[in-house]
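Asker: I am attaching a structure below and will ask some questions about it afterwards.
The values are calculated or read from the model by the stated rules, or taken from the named source; none is laboratory data. This one's a predicted model, so the numbers in the text were calculated from it and none came from an experiment. All Cβ positions, glycine included, derive from the backbone under ideal geometry; neighbour counts span all protein chains shown. Note: accessible area is taken over every heavy atom of the protein model, side chains too, but ligands, DNA and RNA are not part of it. Shrake-Rupley method; radii C 1.70, N 1.55, O 1.52, S 1.80 Å.
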Amino acid sequence: MATGVANAADHQVQLLNKGEHGVMVFEPNYIEAAPGDTVTFVPTDKGHDAASIDGMVPEGAQSFKGEISKPITVTVDKEGVYGVKCVPHYGMGMVALIVVGKPVNLEQAKTAKQPGKAKKVMAELLEKAAGGH
């Protein structure tokens, strides 16, 4: 299959105060993407941002941090898993996982420390990534 910018998809993620999986959520919170795709985080509800989690981006990939209440588009060009948090609501479990191609850095990502409820939510997302491939 040919890959290139022309085929790149944009995955939209809503940042919500309340969603299908409770309060303070990314929806969806699990995204499967191809290298070169973009993920746009849309602060549907104000007061949220999207930032990469330290230790949870593939080697050679850029970390990112959006501004509160502003959309951010991230190009995921390296294979692996990208952990994403909403900085103000991280401890409340507002996290997401982007899996690009093969989850090559999955074991490393599992070692990243997660605060509060984020620990349980991220563990479930990483489990999904491990079983999904």
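Asker: Calculate how large, on average over all directions, the projected area of the Cα convex hull of region 93-133 is; give the answer in nm² to one decimal.
Answerer: Its Cα hull, projected and averaged over all orientations, spans 2.6 nm².
Asker: Put +1 on the Cβ of every Lys and Arg and -1 on every Asp and Glu Cβ in the chain; which of Ala96, Gly66, Gly22 then has its Cα farthest towards the positive end of the dipole?
Answerer: The Cα lying farthest towards the positive end belongs to Gly22.
Asker: How many percent of the accessible area of region 36-133 is carbon or sulfur, using a 1.4 Å probe?
Answerer: Whole-percent figure for carbon plus sulfur exposure: 53.
Asker: Within 10 Å of each candidate Cβ there may be at most 15 other Cβ atoms; applying that plus a DSSP loop requirement, which trypsin sites (Lys or Arg not before Pro) in region 1-80 survive?
Answerer: When the trypsin sites (Lys or Arg not before Pro) of region 1-80 are filtered for loop state and at most 15 Cβ neighbours within 10 Å, Lys46 remain.
Asker: Give, as a single signed number, the net charge of other residues whose beta carbon lies under 12 Å from the beta carbon of Pro28, with Lys and Arg counted +1 and Asp and Glu -1. If you can, show how the numbers build up before the last one.
Answerer: Working: positive: Lys128; negative: Glu20, Glu27, Glu32.
Spelling it out: positives minus negatives among the neighbours equals -2.
Asker: Another question about this same structure. Roughly what % antiparallel, to the nearest 5, for the DSSP beta bridges in the chain?
Answerer: 70
Asker: Taking the Cβ of Gly131 as the centre, find all other residues whose Cβ is under 14 Å away and add up their charges (Lys, Arg: +1; Asp, Glu: -1). The partial results should precede the final answer.
Answerer: Details: positive: Lys102, Lys110, Lys128; negative: Glu32, Glu124, Glu127.
So the surrounding residues net to 0.
Asker: Could you tell me which GluC sites (Glu not before Pro) in region 19-127 are loop residues by DSSP with no more than 12 other beta carbons within 10 angstrom of their beta carbon?
Answerer: Glu20, Glu59, Glu67
Asker: Please go through the residue pairs Lys70/Lys128; Lys46/Lys110; Lys85/Lys117 and name each one whose alpha carbons sit more than 23 Å apart in this structure.
Answerer: Numbers: Lys70/Lys128 29 Å; Lys46/Lys110 30 Å; Lys85/Lys117 12 Å.
The answer is Lys70/Lys128; Lys46/Lys110.
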